[in-house]
Every structure is written in structure tokens, then in C-alpha cells.
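Here's the structure we're looking at; comments come further down.
The values are calculated or read from the model by the stated rules, or taken from the named source; none is laboratory data. On a predicted model such as this, the values are computed, not experimentally measured, just so you know. All Cβ positions, even for glycine, are placed from backbone atoms using ideal geometry, and neighbour counts span all protein chains on display. All accessible areas refer to the heavy atoms of the entire protein, side chains included, with ligands and DNA or RNA removed. Shrake-Rupley method; radii C 1.70, N 1.55, O 1.52, S 1.80 Å.
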Amino acid sequence: MRGIAGVVQSDDGRGKNMLIAISARGGTMDAAMDPRLGRAEKFILIESDSEKTSILEIAATQATHGAGIQTAQALLKAGAKAVISGDCGPKAFQVFQAAGVPVYAATGGTVRDVFAAWRRNELPVIGQPGAAKHA
Amino acid sequence: MNSEDNTTTGKAGGFGRPAPWIAVASGKGGTGKTSVAVSLARAALQAGRRVQLVDADVEGPNAHHFLGLGEPETFPVEAMLPRIDPARCTLCGECASFCIYQALAVLGDRVMVFPDMCHGCEGCRVVCPAQAIENGSQEIGRIMHWRGEDFEAWQGRLHVGQVLSPTLIRELHRRACESASGYDLTLVDSPPGTSCPMMAAVRGANRLVLVTEPTPFGLHDLELAMAAVRRMKLPVEVIVNRSIGDDAAIDDLCRARAVPVIARFPDDRAVAAAYAEGRPMIEAGAEWAKQYDDLRRHLEGPC
């Protein structure tokens, strides 16, 4: 997975050509968004300028502990500068917050729909973590 | 922590206790472990024995409600928590990838530690190539201690959000073990279930009593509990609580596993009434006092 070097972030967190990660149930833009973050099957990484996509699979789906922490670290390592999912647990939230990466909440639809909504600035930033989820 | 001290924590099958040490456990919750343990302690006291009661149900200790005790002395129990030295840390990520509990996360410029994920194993400190991790600590719970004339009570209380029940239980046992030789009997009230806390509570006992009830759940969880402790090679005996006369399924299981049923307590409204007033089973009437004295005699004999 490539990180995007030299990203300039604007005030609203939408920098030029930044990498957006969207939790997904499948590997394409037409897959449904996965409302789970820590236990999402896949993430679609989208370069905001070119809209080039790649798939990131994280082995945390079956993790017995700390799936959210594991997923958050993998997304940061992959270079994600914004994350979109259904919700975000308290531990993953702490990791993203410490890294200055915003998490946006989407309610459903395809990855394409969700990305478009983010583009239109329609998705709220999650300011409070959801409840911890246990295996 | 003295987790490596086998004389106090007891090895599996190690019979490491200095005096009779009986664990009361159950695969299923709510079968009457605490009632049995407290009633048995009282029966032994009434027979002139010196007794220690250890409430090892650290996630929900409640034996003290039956005992009417005063203010306990308390001891904090701590577990190791990694402390990162940012001057030495190279952010290599070895610690985080080693930790299966995800208690560490390495970000671009720092390492985050999640105390309530940490199991205190010190593995991160060992694998760190930069010696950037030191042993810090966190308080995971407390031990309460009451001392009477011929009676001592111990209780472990895990702090909310903490996960290290077995560590707290081992420390509880270590302390109780130090005074066990002054007692005729130590009784351990185990946490319910068949996972790590129950195993830690039962470990090192000379004898194990499993309390069950004649329901499909009681039977199922009794079988699980028997399987869980099998490798400890402990003498196991069963008490059927709230029997309504037909315990055939439990009897069949016990026969197949060669585990004796040593008591059968009837389903009695008087027990529920006593319980609602905070009194243990043994105080539910003369018949109950006799039942518990019989049980006490049995448990003072050979397994």
C-alpha cells in the first residue's frame, strides 16, 4: 500500500490528493459500505484527486482483542488521511485522534455513494466514539 | 506479582496448599456456590473449626453480604503496564506487533498504550530492540481482608474495566496461603464459568466441589466444568442444588465421569426467603443446619 507523500491538508481536512479509506463489504466501488470499522472485511483506499482505488484487507475481522486498534494502525500505516465508516469505537477513535485523522460517519450505500457524499461535504465527522464492541 | 511462585500459586495438580483447601465452583452462574461456601464455612465454625473464606469471584464478590463483617483492611494489587521512554523509542513497531491484545499502537510520532487491553506479560519490554520500555504499573483491583477470632475472610475486587482477574486471584491466593496453616479449612468461592478466572480460583486446591442444578443449563455447564479441570487431577465432587427429586441426567453424567454426588439439596422456599434476608442456606431451618453439618463431616474425611 502506498502512502501519499507531501499531502497538504486544508482546514476542513480535505487536502489535495489525499488517501481516503472506506470500510467495505467487497473489493469494488460498487460494494456496500461496511458499517463496522474494526471488523470490516476490507477497506477501499481512494486517492481523492485521481480517484484511483486499491484494496486493503486487514486481518482484524477475526481478532479476539483490539480489532479497532489493529485496524486503525493498519489504516494509518497505509497512509489514510481520512476514514469513512458507520461508527468508530473508543480505542480506534483514540488512535485516529492522536494521529489527527478524521473519521466520517456514513449510514449506508455503496462505496461510490459514500465517497460522493464525502466529496459533497455531506458526511459528519465523528466527534465522540461509539460504544466499545466486544468479540 | 508472584505468578511464578509455585508454592503460593500452586501448579496444576500440585496440591500446593499447606492445609485443607477446598474450592467451590460451578460452570453455570447462580447455582448457589456462594451460599454453599458460606454455609459450609459457618458449619465448620459451629463445629469449632478455624476457617478461612476466600471470595475469589473478583468480578462480582458478594460473600461478604452474608457475613456481617466490619471494615476490612485493603491492599491494592498492581500489574505491569509498559512505560515508553520517548527518547529511546525508534517507533519500530516491534512491541505493537508482538502484543496479541493490541495494548500498544505505534503512530507516526509516538506509541500509545491502552491500559485496559494490557495483560501485564512484559513481552513488549522483552522484544523492544531499543530498550525503550520499562516496567510501569497500574492498579487492577484490591484485596479486602477481615480477621475475626477463628475466622478470616478475604475478597478480591477487580476494578471496573480491568481484565486481569487471574492476576488478582493469584495474589489473593498468595496472601490467603500465607495464613492457611493457621486454619483447619480454607474455602474458596470461585467465579462462575470455565474460563481463566475460574481456573485460577480452583488452581492449587486439594479438593473441588462443583455445585450444579437440575436444569439443562446446569447439566451442560457441569460437564464443561468437569472437562475444564480434568487436567488439574483434582478430586472432584458434586452438589446438586435445588433438586426437585429427579436428577437422573446429572447422576448419569457423574457416574460416567466417576465423580461422586456428595449432597442433594432440595428446592426449598425457606432457602429463598433466608437468601432474600441476606442469610445463607444453613440458616433456613434445623434440617439445613444438619445437612451442612453432614457435608462438613464428609469434607473433613478422605476424598
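Only residues that are surrounded by fewer than 22 Cβ atoms within 10 Å (Cβ to Cβ), out of contact with any Lys or Arg (no Cβ under 7 Å at 6 or more places or on another chain) and of a type outside the set (D, E, K, R) were counted across segment A:71-88, and they come to 2. Contact map, segment B:169-189: first residue farther than 15 Å from residue B:41 by Cα and of a type outside the set (Lys, Arg), second residue part of a helix (DSSP H, G or I) and at pLDDT below 95, Cβ cut-off under 6 Å, separation 6 or more or different chains; pairs are B:177/B:8. From B:258, B:227, which residue is surrounded by fewer than 18 Cβ atoms within 10 Å (Cβ to Cβ) and more than 23 Å from the chain's Cα centre (by Cα)? Of B:258, B:227, the one residue that is surrounded by fewer than 18 Cβ atoms within 10 Å (Cβ to Cβ) and more than 23 Å from the chain's Cα centre (by Cα) is B:258. Each residue in segment B:20-59 was checked for being in a loop (DSSP other than H, G, I, E, B) and on the phi < 0 side of the Ramachandran plot, and 13 pass. Test residue B:223 against the criterion of being modelled with pLDDT of 95 or more, farther than 29 Å from residue B:141 by Cβ and of a type in the set (Asp, Glu), and give yes or no. Criteria met by residue B:223. The residue of segment B:231-249 that is surrounded by the fewest Cβ atoms within 10 Å (Cβ to Cβ), among those that are at pLDDT below 95 and of a type in the set (Lys, Arg), is B:231. Residues in segment B:84-104 that are within 30 Å of the chain's Cα centre (by Cα) and either within 19 Å of residue B:167 (Cβ to Cβ) or away from every other protein chain (no Cβ under 14 Å) (or both): B:99, B:100, B:101, B:102, B:103, B:104. Candidates B:130, B:96, B:47: the one that is open to solvent by less than 20 Å² (accessible area, probe 1.4 Å) and either out of contact with any Asp or Glu (no Cβ under 6 Å at 6 or more places or on another chain) or without any contact (Cβ under 8 Å) to a residue 24 or more places away in the chain (or both) is B:96.
Among the residues in segment A:45-53, are any in contact with a Ser or Thr (Cβ under 7 Å, 6 or more places away or on another chain), modelled with pLDDT under 95, open to solvent by 20 Å² or more (accessible area, probe 1.4 Å) and not in a strand (DSSP E or B)? Within segment A:45-53 (the criterion being in contact with a Ser or Thr (Cβ under 7 Å, 6 or more places away or on another chain), modelled with pLDDT under 95, open to solvent by 20 Å² or more (accessible area, probe 1.4 Å) and not in a strand (DSSP E or B)), the answer is no, since none of the residues qualifies. Pairs meeting the criteria (first residue in segment B:277-303 and open to solvent by 70 Å² or more (accessible area, probe 1.4 Å), second residue among the charged types (D, E, K, R), beta carbons under 7 Å, at least 6 apart or on different chains) are B:303/B:207.
Of the residues making up segment A:89-119, just one is facing chain B (nearest Cβ under 10 Å) and on the phi > 0 side of the Ramachandran plot, namely A:100.
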